[in-house]
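Below: one structure, written as structure tokens.
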Amino acid sequence: MGSGHRLGRRFGWLWGAYGTSALGTWLAFGAFPLIAIRVLHAGPAEVAALSSAGAAVGAAVAVPLGPWVEFRRKRPVLIAMDLVRCAALLTVPAAYALGVLAFAQLLLVSVVVAAADITFRAASGAYVKALLPAEDLLVANARFESTAWTTTIIGPPLGGAAIGLLGPVATVVADAVSHLLSALGIRAMGGHEPPPERREEGRMRAGDLLDGWRCILADAVLRPLFFNTALFNGLVMATQPLMAVLMLGRLGFAPWQYGLAFAAPSIGGLLGAQLARPLVARFGQHRVLVAAGATRALWPVGLAFVGPGTGGLLLVAGVELGLIFCCGVFNPVYATCRLELTAPGRVARTLSAWAVTAKASTALLTAAWGVLGALLGPRTAIALAGAVLLATPLLLPRRAADRSADGVLVEE
């Protein structure tokens, strides 16, 4: 994203730390289910619980952390969350080496990591908003998006090779080390962080836990965007297990073909993120947000028509390429809009509430579509998800946000 646009040394360290931890996460993608199956001989129900229940419980644990983060300096929180993730992940290889690894430990670690992920994202968003001027937020978010898709492209193949050579526990170690390196990078940023706002009421009350959702639901632009992203992302993720069943089971694709069909199109996300800023400069934030958000909803229904052989593989890759390209444009624009519309003293609470809802809705929709897949068959359930996704553009914001004379965003 605009290599000539410099955002400063401190952002460079933060960007590098993000890329390092993202790569580690993708290297270990699928490691926990593999450990559960190969080492602990877990069944399908346990493996499903590991991915869905772990994320859902982690989201619940993170609910009070958003308000807690709001009134603390963000850089120490970022370092702490990286170290928490590192320590939690390292307990897995340690227990494995000692011969005491249990399924309950994997579940507990997944909960801790999920809660730390949400807290880290909330703190990092608030930190970026304080670190950079408003005109640089889209550049920064596009760089994060480009990095996310780059690590998506290279991480799983490298992780798969490492799992084949060294086993899944080795990639968990790599993930833990990546978070440690991220913490060291954030520590190396230096600089002065302004003190956070003080809580007027003193101690946190139970009602404060809902502040993030109140901020979202009170805003005429954030509110529809919130429901749109929760439903869209949840349904897209809910079809992934069904696609695995359909392609690896009934259609007879090899695992490497399945992985290639979903990994290679990630190049579209990288390209989309590169184009986000020029498109906004030409057409405006709201038009790009609505156009990219609506176009991305058109693709997933095509997955219901996948067949066997090369044609089916090309269909999946083509659908994923179009979907991911649109998401690559949409994601940094929506992330920037969200930061701009959120008051500085409420960013951590708002982003935490958003992430908690995303985790919970994905877990709920994945479970629901698993039941539909069992009742109706995976292809019908995928088609149903695609049909519902076609309606998600109705939830996109109908009005843009404008900047008043004093620089505060107001609704048009």
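Some points to look at:
- Per residue, the chain exposes 45 Å² of solvent-accessible protein surface, assessed with a 1.4 angstrom probe and all protein chains in place.
- Debye intensity ratio I(q)/I(0), log10, segment 101-183, q values 0.20, 0.26 Å⁻¹ (C-alpha model): -1.14, -1.32
- One chain, two ends: Phe305 and His41. Fully extended at 0.36 nm per residue, the span grows by 91.6 nm beyond their Cα-Cα distance.
- Protein-only accessible surface order, largest first, of Met237, Met81, Met243 at 1.4 Å: Met237, Met81, Met243
- Relative to the current alpha-carbon distance between Ala254 and Leu315, full extension at 0.36 nm per residue lengthens the span by 20.4 nm.
- Mean-square fluctuations from a GNM of the chain, with a 10 angstrom spring cutoff on Cα atoms, peak among Phe305, Phe144, Phe262 at Phe305.
- Rounded to the nearest 20, the Cβ-based charge dipole of segment 187-337 about its Cα centre (Lys and Arg +1, Asp and Glu -1) stands at 140 debye.
- For the chain, carbon and sulfur atoms together expose 68% of the accessible surface, with a 1.4 angstrom probe and every protein chain in place.
- Across segment 275-287, rounded Karplus estimates of 3J(HN,Hα) from the backbone phi angles (6.51 cos²θ - 1.76 cosθ + 1.60, θ = phi - 60°) give 8, 4, 5, x, 5, 5, 4, 8, 10, x, 4, 5, 5 Hz, Gly and Pro being marked x.
- Inter-part distance, segment 211-277 to segment 302-345, computed on C-alpha centroids, equals 6 Å.
- Distance between modelled label sites at Arg214 and Arg287, nm, 7 Å Cα→Cβ extension: 3.8 nm
- D (Stokes-Einstein, µm²/s), Kirkwood Cα radius, the chain, 1.002 mPa s at 20 °C: 97 µm²/s
- Projecting the Cα positions of Gly268, Asn331, Phe226 onto the charge dipole of segment 203-359 (unit charges on Cβ atoms of Lys, Arg, Asp and Glu, taken about the Cα centre) puts Phe226 furthest along the positive direction.
- From phi via Karplus (6.51, -1.76, 1.60), per-residue ³J(HN,Hα) for segment 297-306 in Hz, x at Gly/Pro: 6, 7, 7, x, 4, x, 5, 5, 9, 5
- Karplus 3J(HN,Hα) series, Hz, for segment 23-35 with 6.51 cos²θ - 1.76 cosθ + 1.60 (x for Gly, Pro): 5, x, 4, 6, 4, 9, 4, x, 5, 5, x, 5, 4
- The chain: most fluctuating residue of Glu340, Glu135, Glu320 per GNM, C-alpha cutoff 10 Å: Glu135
- Taken along its three principal axes, the alpha carbon spread of segment 57-161 comes to 53, 36, 21 Å, from the longest extent down to the shortest.
- Highest-fluctuation residue, Ala281, Ala264, Ala230 considered, GNM on the chain with Cα pairs under 10 Å: Ala281
- Rounded to the nearest 20 debye, dipole of the chain from Cβ charges on Lys, Arg, Asp, Glu: 280 debye
- Ellipticity at 222 nm from helices only: DSSP H runs of n ≥ 4 in the chain, each -39500 (n - 2.57), divided by the residue count, give -25000 deg cm²/dmol.
- Computed extension gain for Val388 through Ala102, at 0.36 nm per residue and net of the alpha carbon distance, reaches 99.1 nm.
The values are calculated or read from the model by the stated rules, or taken from the named source; none is laboratory data. It should be emphasised that the depicted structure is a prediction, and the values quoted were computed from it without experimental measurement. Note that we place each Cβ from the backbone using ideal geometry, even for glycine, and neighbour counts take in every protein chain shown. In case anyone asks, the SASA skips ligands and DNA or RNA and just uses the protein heavy atoms, side chains included. Shrake-Rupley method; radii C 1.70, N 1.55, O 1.52, S 1.80 Å.
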